[in-house]
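Input: a single structure, listed below in structure tokens.
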Amino acid sequence: MEFVIKISQFLLSLSLLIVLHELGHFIPAKLFKTRVEKFYLFFDVKFSLFKKKIGDTVYGIGWLPLGGYVKISGMIDESMDTEQMAKEPQPWEFRSKPAWQRLIIMLGGVTVNFVLAVVIYIGMSYFYGDKILPVQNIQDGLLVQSSVANNAGLLTGDNVIAVDGTKIDDYSQISEKVLFGKEITIERNGQEKTITFPEDFLAQLIDSKEKGFINLRMPFVVVEVPDTSANKGSGLKKGDIIVGLNDYKTKYVDQVTTGLDKFKGQQVSATILRDNKETTLPLNISSDGKLGLVYAPQSTYATLEALNYYKFQTKEYSFLEAIPVGLEKTGDKISSYITQFKAIFTPSTGAYKGVGGFKAIYDIFPSFWSWQVFWGGITAFLSIMLGVLNLLPIPALDGGHVMFLLYEMISGRKPGDKFMEYAQMVGFFLLIALVLFANGNDIYKAIFD
């Protein structure tokens, strides 16, 4: 069932983004009276799952889910239709249109991607608002689960207050900013300190294969006391929170772990928080530092607030207030993604090791269905990602066509058809290499991680 939910979200999100991106090319092409021969979701190598011709355009669904395309008459694209290009230009063809019209057609797809992200973020802000945890409300610092981060100087209990000189206001910004930051300003025991990460920090993090990085410190909440547990008759109940072992305070899971190691092989007097009241129970800790319990290290926002662990802020927006918020969120995500791209194309960072393909995209979808997560958490970001990727100056992508069109508009000279054909072939092979590399990374991680 989990697979069905995840794959459904994956296919729905990508299909919507591909169709809307191609629609961004299709509409201006039609407005400028340029013939569109095909409009396809996915690629129709050899055959189509569905196709129907309406007017001059064949609309269809291909079998190869690696993207989609519109085939515009008189345009050198991935179809490599050299036979058509050898004929005399016709008025309805792309190559016969003024450069400014061709530029608008080529920028239509990425424009739709960025506009869609803005619309989604505006809608999410208006309907759901924002749940924010201000950094100053994290009283006991963060949980740092990565040994690589520990070796770099970032420890559990530290609070991140700035990255590369930019102040951090909200907890949700921390992981991403720290991941691609160089100088991390922290607050430790009431004092500020700056930590400098090594240039290959990302490479070390990826090579370590550790799952955790930076999270909130959470209470140790009992979920179940199995019948086989040495603490079955201790009086522990579902929902109890262990906040002390003997005289050692264990407000958080990481402190419980430390306490268990400290008292392993002993019976301890555990302080239990139940219904906001403290009580004590005798608990047995095994020789390997285990309680024999099923516990949940995470709780809901409401529970954390009720227990006075964290105080969240809820921001609600009118429709007009949501507009600048949506624009700001889109700008922040574009800036963040460009930062990631710079790291990926800087070999010394080792960030290229973390590049993923379709499996990596599939993995970001949750195993439950939430429209808030689907739209605001994932689809808006994927739309930005698709827009930025398509702006790369690779001839097989929109950005490559835009690059040559700008050259034509500035120099007054149009690149020859043969040159464009060769450039398209080079760009196509570069693109295939990138796709193989990204998906090869996915396969490698699936086998060896």
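Find the helices (runs of 4 or more DSSP H) located wholly in region 358-436 whose residues include 3 or more that are free of Cβ contacts under 8 Å to residues at least 12 places away in the same chain, open to solvent by 40 Å² or more (accessible area, probe 1.4 Å) and farther than 18 Å from LEU16 by Cα, and list them.
Values: elements: 358-363, 380-390, 398-411.
Output list reads 398-411.
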(message) Between TYR121, TYR126, which is of a type in the set (Ser, Thr, Tyr) and either open to solvent by less than 30 Å² (accessible area, probe 1.4 Å) or assigned to a loop (DSSP other than H, G, I, E, B) (or both)?
(response) TYR121
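Confirm whether VAL112 is among the β-branched types (Val, Ile, Thr), in a helix (DSSP H, G or I), in contact (Cβ under 8 Å) with a residue 24 or more places away in the chain and open to solvent by 80 Å² or more (accessible area, probe 1.4 Å). Don't jump to the end; show me each part of the working.
Numbers: among the β-branched types (Val, Ile, Thr): yes; in a helix (DSSP H, G or I): yes; in contact (Cβ under 8 Å) with a residue 24 or more places away in the chain: yes; open to solvent by 80 Å² or more (accessible area, probe 1.4 Å): no.
Criteria not met by VAL112.
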(request) List every residue pair whose Cβ atoms sit under 6 Å apart, with the two residues 6 or more apart in sequence or on different chains, where the first one lies in region 299-326 and is within 19 Å of VAL223 (Cα to Cα) and the second, anywhere, is open to solvent by less than 60 Å² (accessible area, probe 1.4 Å) and not small (Gly, Ala, Ser). (result) TYR301/PHE312; LEU304/TYR310
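Here are some residues: GLU224, GLU210. Which one is under 30 Å from LYS353 (Cα atoms), surrounded by fewer than 19 Cβ atoms within 10 Å (Cβ to Cβ) and charged (D, E, K, R)? Even if it seems obvious, please write down each step before you answer.
Working: GLU224 fails: under 30 Å from LYS353 (Cα atoms).
The conditions single out GLU210.
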(request) Of the numbered conditions (1) of a type in the set (Lys, Arg); (2) open to solvent by less than 30 Å² (accessible area, probe 1.4 Å); (3) within 25 Å of ALA380 (Cα to Cα), ARG102 fails exactly one; give the number of that condition. (result) (3)
(request) Please go through region 194-205 and pick out each residue that is touching an Asp or Glu at 6+ places or on another chain (Cβ under 8 Å) and open to solvent by 60 Å² or more (accessible area, probe 1.4 Å). (result) THR194, THR196
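Do you know which residues across region 134-193 are among the acidic types (Asp, Glu), at negative phi and surrounded by fewer than 18 Cβ atoms within 10 Å (Cβ to Cβ)?
Just the residues of region 134-193 that are among the acidic types (Asp, Glu), to begin with: 140, 158, 164, 169-170, 176, 183, 187, 192.
Adding the requirement that they be at negative phi leaves 140, 158, 169-170, 176, 183, 187, 192.
Selection gives ASP140, ASP169, ASP170, GLU176, GLU183, GLU192.
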(request) May I ask you to list the residues in region 139-157 that are touching a helix residue (DSSP H, G or I) at 6+ places or on another chain (Cβ under 6 Å) and assigned to a loop (DSSP other than H, G, I, E, B)? (result) THR156
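Can you find even one residue in region 25-44 that is farther than 21 Å from ILE432 by Cα, under 27 Å from the mean Cα position of the chain (by Cα) and surrounded by 12 or more Cβ atoms within 10 Å (Cβ to Cβ)? Before you say what the answer is, go through the steps one by one.
Filtering region 25-44 for residues farther than 21 Å from ILE432 by Cα gives 25-39.
Applying the additional criterion that residues be under 27 Å from the mean Cα position of the chain (by Cα) yields 25.
Restricting the remaining residues to those that are surrounded by 12 or more Cβ atoms within 10 Å (Cβ to Cβ) gives 25.
Yes: one or more hits.
Of the residues in region 342-357, how many are β-branched (Val, Ile, Thr) and without any contact (Cβ under 8 Å) to a residue 60 or more places away in the chain?
Filtering region 342-357 down to residues β-branched (Val, Ile, Thr) leaves 344, 346, 349, 355.
Add one more test, that the residue is without any contact (Cβ under 8 Å) to a residue 60 or more places away in the chain, and what stays is 344, 346.
Matching residues across region 342-357 total 2.
How about region 345-357: which of its residues are surrounded by 15 or more Cβ atoms within 10 Å (Cβ to Cβ), among the small types (Gly, Ala, Ser) and in contact with an Asp or Glu (Cβ under 8 Å, 6 or more places away or on another chain)?
GLY350, GLY356, GLY357, listed by residue number.
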(request) Find the residue count for region 79-110, including only residues that are charged (D, E, K, R) and modelled with pLDDT of 90 or more. (result) 2
(message) For region 298-318, give me each residue that is part of a loop (DSSP other than H, G, I, E, B) and surrounded by fewer than 17 Cβ atoms within 10 Å (Cβ to Cβ).
(response) GLN298, THR300, LEU307, ASN308, LYS311, PHE312, GLU316, SER318
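Can you confirm whether ILE242 is over 29 Å from the mean Cα position of the chain (by Cα), among the β-branched types (Val, Ile, Thr) and modelled with pLDDT under 95?
Numbers: over 29 Å from the mean Cα position of the chain (by Cα): yes; among the β-branched types (Val, Ile, Thr): yes; modelled with pLDDT under 95: yes.
Here the answer is yes, as ILE242 does meet what is asked.
The values are calculated or read from the model by the stated rules, or taken from the named source; none is laboratory data. As the structure is a computational prediction, the values presented were derived from the model and not from experiment. As a convention, Cβ positions derive from the backbone with ideal geometry for all residues, glycine included, and neighbour counts pool all protein chains shown. Please note that ligands, DNA and RNA were not included when accessible areas were found on the heavy atoms of the full protein model with its side chains. Shrake-Rupley method; radii C 1.70, N 1.55, O 1.52, S 1.80 Å.
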